[in-house]
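The values are calculated or read from the model by the stated rules, or taken from the named source; none is laboratory data. The structure displayed is predicted, hence computed values, not measured ones. Surface areas here come from the heavy atoms of the whole protein model, side chains and all, with no ligands, DNA or RNA. Shrake-Rupley method; radii C 1.70, N 1.55, O 1.52, S 1.80 Å.
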Amino acid sequence: MKLRKGIAVTTTEYGGVLLEEKSGSYWQLNDTSVIVVETLAAGQTPEAAIERIVAEFDVDRAEAESDVAELTRQLVEAKILRP
């Protein structure tokens, strides 16, 4: 998966923001969502994002898998991520 061209990712003290440069639309991201987006933008798999989340946060694997799958689905649906 890859971020669509024209999408910028910026981290903030509260997580991060995805900005669609052409329209000015944006998504606010929490810390775990930033990990998912950064991991996928780097060309890695959702599984790699799950591994990072489980290692960095007090969350079980099943919850991380569910959250990553849901965020990935939403980002593909919004045409921010390309499969």
**Complete:** Once the mean of 1/r over all distinct C-alpha pairs in the chain is inverted, the Kirkwood radius in Å reads 12.8 Å
**Prompt:** With the contact rule set at Cα under 8 Å and sequence spacing of 6 or more, what percent relative contact order holds for segment 1-79?
**Reply:** 22 percent
**Asked** Residue separation times 0.36 nm, minus the C-alpha to C-alpha distance between Asp31 and Lys2: what's the value?
**Response** 8.5 nm
**Message:** Using a 1.4 Å probe on the protein heavy atoms, what percent of the accessible area of the chain belongs to carbon and sulfur?
**Reply:** 50 percent
**Request:** Kindly report the accessible area of segment 20-83 per residue (heavy atoms of protein chains, probe 1.4 Å, no ligands, DNA or RNA), in Å².
**Result:** 63 Å²
